[in-house]
Each structure stands twice: as structure tokens, then as C-alpha cells.
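Chemist: Okay, handing you the structure first.
The values are calculated or read from the model by the stated rules, or taken from the named source; none is laboratory data. Quantities reported herein were computed from a predicted structural model and do not represent experimental measurements. Cβ sites come from the backbone with ideal geometry, for glycine too, and all protein chains shown count toward neighbours.
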């Protein structure tokens, strides 16, 4: 039997991906879930869902060029803007410093709070904090960029305004080293002192951003695992003394997995994380790592692994999140046993994201990652980025929300910090994650992802619920609907009320290529009291 899709109604969003499409009814018995009986399997913190603001967004500089942009099509371009070692300068374009006081930016970021605001990235490794209120036009020798004191104060003020806690990493380039090449703490101490002077604090920090790609990150030539081990010990001794309340993260590596999509299969030089950890010994408070399932089309020439838009909802693509966690989790178990895991940088693809990174297509990756990583015990997931390039949650020119922003907002409003076992095994078309509902004692929220583009799925619930279904007329479009209604900002950048629709107990259907949150207020789950 076939169901003709309706249009313009909540039912249309529940059953159909696009108006006028016909879909086959799945006649197999739907699995049943019992929200009241779901057992607690873990917890995450209030800042589990977080985001990155690249250091280069704060200072201004050469970041990933927009697709289709011509060379030099920038506002006040800087011909000498530094780019990472070994990378083609033609895949970058200059961007001026971001205005962190922008009211729309603050409104939208605050709606995702509380969160960690990670200000780091490749360029942070070579950035010098100005030592006076009048910064020089060029950085000192051994650095590639200048962060003015006003810009860093702007980060502190932004974090306070949006209920954010600052996470960062420190400079590790030749400019911070003594004559023997060892890391020195003078720059880091000055950074900490100034942060406190302007009323802020650094909640957590990595010694270095992505030491597995040390050469690209501006480390001294030939920097290896032994060098990292020596320097991390120096950093830990400094941090324990100068900022005992700061969470030490590390190593913050990227690119290593057993799969054929590992960055190791490209031309980039990789420093093995296992060797670094063996050299550094234990010392982090939380084990941090980065995950990109591929590199974007910009980095094709580097030999970095690529992916296709047609695979963006596939089990293989979504499963790469778990493969990376398994790899770095294994290193955590060996070298830092028992330490919590933080994913401090993640997006659809490295090198600024693919063209579909800002479309509804990527929302399946975004929410599936949050669901599976929370279930696996990861404590923080910081999306890269809030604004910049194709993988930003907001359009970098207009600050209009992209589909992933609306996905993030629904997660923030509906998913609590207690993780439950849904009882539904992971399968194509039916990824079911369960957590206590935020600010609603006893209630449960289910996240149901139908990543099958052709077939509907269904579940049977013993209780009534409220439904929040995300879909899009076009998967590769930048507009998204909630229960059939397009999501957009209102007057004065007001956020729309994200309202569910009532669903009776019994069979609940999920259309192809849709993402649904179901809140079950009557669950009376004891773990959610």
C-alpha cells in the first residue's frame, strides 16, 4: 500500500520528505520502546554541546576560501597573511576580525548556552598576544599572527554574554622557545595574567592544537614525539603552578584511524599520538581529540581523504565517528586510563567543510554524532565552527542560522544530561537515542533519525508524546522545517518558539530522511526524577 504525501501540515512532515512524493508503507511490526523502563547508562555535563570560534576569526587572517570565490575577493586583503605550512595559499582568503559584540551573534550563541567556547585552531599555535594596548602591525619573529589585547578582552566579554566558558590552546611556535628549542611559559603566563586582569578565566586548555600535524601547525622543523613529550611536561608543570583550576586537555590530535579515510593516507606529515603519549607520560585531566571523517574538496590536492554528498546519510559515513572514538579511546585506555573524553573539534570535513556542510544533509551527521557520543560517554563535543566557513552553524556573511543551528537549538532545549539506553539497536533508518528531557522531571526525550532516503520507519510507544520533526524540501538546501513549518528568525532577531505536536500512544511513523525528537512527559522514568 502507498500513502500519498500531504502538504502544509504537521502530518506532511511526519510522513514525507518532499511534497507530492509517494512512499511505501513498511508492513513489518515496529519495535516497541518503553521510556519509563529505560535504564541510565551515563551522564554528560551541561556544556556537552559546545562550539569553536577559530583564533583566526578573532584576529583576522587567511581562512578557508569560499567555494566559487576568486583570488583576492576579500575585504581589505592582506597579501602576507600567513597560511599553514605545506598548504596551498590559493585555498585561503583573508577575513577581517569577527565582531563579537554583534547583537544577532550574541543572541544566537546565548541560546546554545551553557557551552564551552573553544578559541583555538591551527593558527593559535603561532599567535602572539600583544603586550601593550597598541599592537604592532606585524608579529615578532617566530609568530605568524597578532592577537590584540582588545580582541582577547572581546572574547572574554563574549563568553560572559553567552554563558560560555573559554577553552583554548597556547602558542607553540619558535617564538616561545629558548635557544635549545624547549617550550617556555612566558607567553602563556602573560596570557593568563591578562585574562584575569579583564575579569575572565580559561576553563580548559590544550598545550598545542593538533600536535599530530605539528609541521602544518607551525612547530619547529623536525618536531617529533620526543619533543612533544618534553614540552608537555614543561606545560603541565607550568599549568599546575599558574592555573591549578584550569582543566588540562590533551593531546588534541587529529587524523589517525585504522580506516582508509585516515589522514595518514594523504601527503601530510603525521606525528603518531601513541608515541607522543609514551614520551609525555600521564598528565591530562581530560583526553581530547579531533574528528573529521574526511577533508573537504579544498584539500583534494593534499591527498587527504574525500567523501561524496551522496554518502552523507550512509551508515559507513556516520559510523566513522565511532571508529575515531575507538582509536583515540584505545590510546586513552593505555596512557591515560579513566580520564574523560572530550571531542574538542569536529565537523563534516576538515579544511572548512564541504559545500553541503551548511545544508540539511549535514544535520544527520551533526545530531547522530551528539547522540552516539553522549551514549559512549564522551563529555564534550565542540563543533567547528560557530560562524566561519561552510561548516559554521551560522552563515558567516549574514549570521543567519543554518540547518545545523536549528538542530543544535532543539538538542539544547530538549536533551538533558542523563543518558538512557533506548533498547533499539543501531540500524539503517532507525538510530534511536534516549536522554532525560531537559528541565522536565521524569520525562524522556527520544532522538529518532531515519537516515534511509527511501523508506519510512516506525516505533511503538505505550505513552502519548510530543513530536518535533525536522525535514527539508531539499536535502541539500539551507532551509529546514519543524513539523512542516519553515524555521527562521523573527523581528529583531527573535527566535521562534520550537513547539511540538501531540502524538497519541501507539505506532509513530518516521518519514525517509527525517530527524525527530519525541518528548514523553508521562514516562515517569526514575532516573529522570
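Chemist: Please verify whether region 334-352 includes one or more residues that are part of a helix (DSSP H, G or I), touching a residue at least 24 places away in the same chain (Cβ under 8 Å) and in contact with a strand residue (DSSP E or B) (Cβ under 8 Å, 6 or more places away or on another chain). Talk me through it step by step, then tell me what you get.
Modeler: The initial filter retains those residues of region 334-352 that are part of a helix (DSSP H, G or I), namely 334-335.
Now narrow it down to the ones that are touching a residue at least 24 places away in the same chain (Cβ under 8 Å): 334-335.
Those still in the list that are in contact with a strand residue (DSSP E or B) (Cβ under 8 Å, 6 or more places away or on another chain) too: none.
Taking every residue of region 334-352 in turn, none turns out to be part of a helix (DSSP H, G or I), touching a residue at least 24 places away in the same chain (Cβ under 8 Å) and in contact with a strand residue (DSSP E or B) (Cβ under 8 Å, 6 or more places away or on another chain).
Chemist: From the list 249, 234, pick out the single residue that is surrounded by 23 or more Cβ atoms within 10 Å (Cβ to Cβ), touching a strand residue (DSSP E or B) at 6+ places or on another chain (Cβ under 7 Å), assigned by TED's automatic domain parsing to the domain that holds residue 220 and touching a residue at least 40 places away in the same chain (Cβ under 8 Å).
Modeler: From the options 249, 234, the qualifying one is 249.
For every residue, the table says whether it meets (1) surrounded by 15 or more Cβ atoms within 10 Å (Cβ to Cβ); (2) at pLDDT 95 or above; (3) closer than 17 Å to residue 278 by Cβ.
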| residue | (1), (2), (3) |
| --- | --- |
| 200 | yes, yes, no |
| 211 | yes, yes, yes |
| 216 | yes, no, no |
| 225 | yes, yes, yes |
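Chemist: OK, next. Determine if region 296-311 includes at least one residue that is at pLDDT 95 or above, more than 20 Å from residue 64 (Cβ to Cβ) and in the same structural domain as residue 389 (by TED's automatic domain parsing).
Modeler: Checked region 296-311: at least one residue is at pLDDT 95 or above, more than 20 Å from residue 64 (Cβ to Cβ) and in the same structural domain as residue 389 (by TED's automatic domain parsing).
Chemist: Within region 64-131, considering only strands (runs of 3 or more DSSP E) that don't extend past its boundaries, which have at least 2 residues that are at pLDDT 90 or above and within 25 Å of the chain's Cα centre (by Cα)?
Modeler: 92-95, 115-119
Chemist: Can you list the strands (runs of 3 or more DSSP E) lying wholly within region 377-464 that have 2 or more residues being within 20 Å of the chain's Cα centre (by Cα) and buried (at least 21 other Cβ atoms within 10 Å of the Cβ)?
Modeler: 380-383, 415-420, 431-437, 444-450
Chemist: Turning to a different aspect of this structure: Being at pLDDT below 95 and either not in a loop (DSSP other than H, G, I, E, B) or not assigned by TED's automatic domain parsing to the domain that holds residue 386 (or both) is true for just one of 264, 316, 269. Which residue is that?
Modeler: On inspection, the qualifying residue turns out to be 264.
Chemist: Turning to a different aspect of this structure: Quick check on region 485-496. Is at least one of its residues in a strand (DSSP E or B) and either modelled with pLDDT under 95 or not assigned by TED's automatic domain parsing to the domain that holds residue 366 (or both)?
Modeler: yes
Chemist: Separate question: Could you grab the pairs with beta carbons closer than 6 Å, sequence gap of 6+ or different chains, first residue in region 183-198 and assigned by TED's automatic domain parsing to the domain that holds residue 248 and touching a residue at least 60 places away in the same chain (Cβ under 8 Å), second one surrounded by 14 or more Cβ atoms within 10 Å (Cβ to Cβ) and assigned to a strand (DSSP E or B)?
Modeler: Note: pairs meeting the criteria are 191/129.
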